[in-house]
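Here's the structure, in structure tokens; my notes come after.
The values are calculated or read from the model by the stated rules, or taken from the named source; none is laboratory data. A quick note: this is a predicted structure, and the numbers were derived from the prediction, not measured. Cβ atoms come from the backbone with ideal geometry, glycine included; neighbour counts cover every protein chain shown.
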Amino acid sequence: MKLGVSCNLHFQLDAPTVLILMLRPLNGIQQWITKSSYVVEPDVPIIESKDNYGNSCQRLVAPPGEFIIRTSAEVITAEYIDSAPGAHFIEIQNLPYQILPYLLPSRYCESDRFGDLAREIVSDALPGYDQVGKITDWVRRSIQYIPGSSDLPLSAIEVHNRGYGVCRDLAQLAIALCRSISIPARLVVGYLYQLEPMDLHAWFEAYIGDRWYAFDATQGDLRGGRVIIAFGRDAADVSIFHQFGLGCILKGMDVQVNLLNKSL
């Protein structure tokens, strides 16, 4: 399927402010960018680079006053998400070296605190994909998904204790549970077709059977129509913008996902 996606940001700045942005969808990873646009108003120089995870980053100095970023892309992506019940657990000694960081505790995913709970959740599941499925189902049943309920990233422990959160919060709790039983897991941020209410979305991927598979604790069924912008260990790695300095206010964000062509 082919989707048209866009994300527009409207800032008000009191002083020149450095912004590091992460707004370009990734080419590859089961998606192909056929057209894209990236406009900033007023026009300023932009430095493009890749971070340690392969995400596309844009660095700029925004002037005082109103500053607007308009991004859009046309993307061919899968209408259905791959699943593989029964896919096997990969022993740590056999994991590719670049996967190893996704086994470790991180700022928002304290996997060293969830081992007992994770083992209880997956006690009757086959090691690997089926364990991640059990964890995803448990998070969906146990943590209430409330869009807009978290302004700031919460840690997995905080989400578990309060019992509700946004998509990012549910994904990070699931990631912490997966890592606690030695299954690599990473956070993904991007677009989801027909998401309600429309916004940028977060889900997670687990490394099983020699590849990454997507899981989403906020959705009753694992829908396709996803466009990945970035992935990393947790929310600290995949924020769509970082601001450096005081007096920077995000006045508005508009996200759109439209179907351009279902059959390709």
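Within the stretch 205-223, how many residues turn out to be under 18 Å from P25 (Cβ atoms) and hydrophobic (A, V, I, L, M, F, W, C)?
So the answer is 2.
Hey, could you check the stretch 14-30 for residues that are in contact with a Lys or Arg (Cβ under 8 Å, 6 or more places away or on another chain) and either surrounded by 14 or more Cβ atoms within 10 Å (Cβ to Cβ) or in the same structural domain as G232 (by TED's automatic domain parsing) (or both) and say which is farthest from K2 (Cα to Cα)?
Kept after step one, since they are in contact with a Lys or Arg (Cβ under 8 Å, 6 or more places away or on another chain), are these residues of the stretch 14-30: 18-21.
With the extra rule that they be either surrounded by 14 or more Cβ atoms within 10 Å (Cβ to Cβ) or in the same structural domain as G232 (by TED's automatic domain parsing) (or both), the set shrinks to 19-21.
Numbers: L19: 30, I20: 28, L21: 25 Å.
Filtering first and then ranking leaves L19.
Restricting the search to the stretch 83-118, which residues are of a type outside the set (A, V, I, L, M), in a loop (DSSP other than H, G, I, E, B) and closer than 25 Å to D169 by Cβ? So that I can check it myself, show each step before the final result.
Here is the first cut: in the stretch 83-118, the residues of a type outside the set (A, V, I, L, M) are 83, 85-86, 88-89, 91, 93-94, 96-98, 101-102, 105-116.
When the remaining residues are screened for being in a loop (DSSP other than H, G, I, E, B), the result is 83, 85-86, 89, 91, 96, 105, 107-108, 110, 114.
Selection gives S83, P105, R107, Y108, E110, F114.
Quick one: would you say A174 is under 19 Å from L117 (Cα atoms) and among the hydrophobic types (A, V, I, L, M, F, W, C)?
Considered against the rule, which asks whether it is under 19 Å from L117 (Cα atoms) and among the hydrophobic types (A, V, I, L, M, F, W, C), A174 comes out as yes.
Yes/no per residue for (1) surrounded by 15 or more Cβ atoms within 10 Å (Cβ to Cβ); (2) without any contact (Cβ under 8 Å) to a residue 40 or more places away in the chain; (3) assigned to a helix (DSSP H, G or I):
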| site | (1), (2), (3) |
| --- | --- |
| E158 | yes, yes, yes |
| I183 | yes, no, no |
| R186 | yes, no, no |
| D199 | yes, no, no |
| W203 | yes, yes, no |
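Out of contact with any Cys (no Cβ under 8 Å at 6 or more places or on another chain), farther than 25 Å from Y80 by Cα, among the polar types (S, T, N, Q) and buried (at least 17 other Cβ atoms within 10 Å of the Cβ): is that true of S150 in this structure? Explain how you work it out, then say what you get.
Numbers: out of contact with any Cys (no Cβ under 8 Å at 6 or more places or on another chain): yes; farther than 25 Å from Y80 by Cα: yes; among the polar types (S, T, N, Q): yes; buried (at least 17 other Cβ atoms within 10 Å of the Cβ): yes.
So S150 passes the test.
Do you know which of the residues in the stretch 57-108 that are without any contact (Cβ under 8 Å) to a residue 40 or more places away in the chain and polar (S, T, N, Q) is surrounded by the fewest Cβ atoms within 10 Å (Cβ to Cβ)?
Of the residues in the stretch 57-108, the ones without any contact (Cβ under 8 Å) to a residue 40 or more places away in the chain are 57-58, 91, 93-94, 96-98.
In the following step, the residues that additionally are polar (S, T, N, Q) were identified as 58, 93-94, 98.
Working: Q58: 19, Q93: 5, N94: 7, Q98: 11.
That would be Q93.
Of all the residues that make up the stretch 15-51, how many are in contact with a strand residue (DSSP E or B) (Cβ under 8 Å, 6 or more places away or on another chain) and without any contact (Cβ under 8 Å) to a residue 60 or more places away in the chain? Steps first, answer last, please.
Start the filter on the stretch 15-51 by keeping residues that are in contact with a strand residue (DSSP E or B) (Cβ under 8 Å, 6 or more places away or on another chain), which leaves 16-27, 29-42, 44-51.
Add one more test, that the residue is without any contact (Cβ under 8 Å) to a residue 60 or more places away in the chain, and what stays is 27, 30, 32-42, 44-50.
The qualifying residues number 20.
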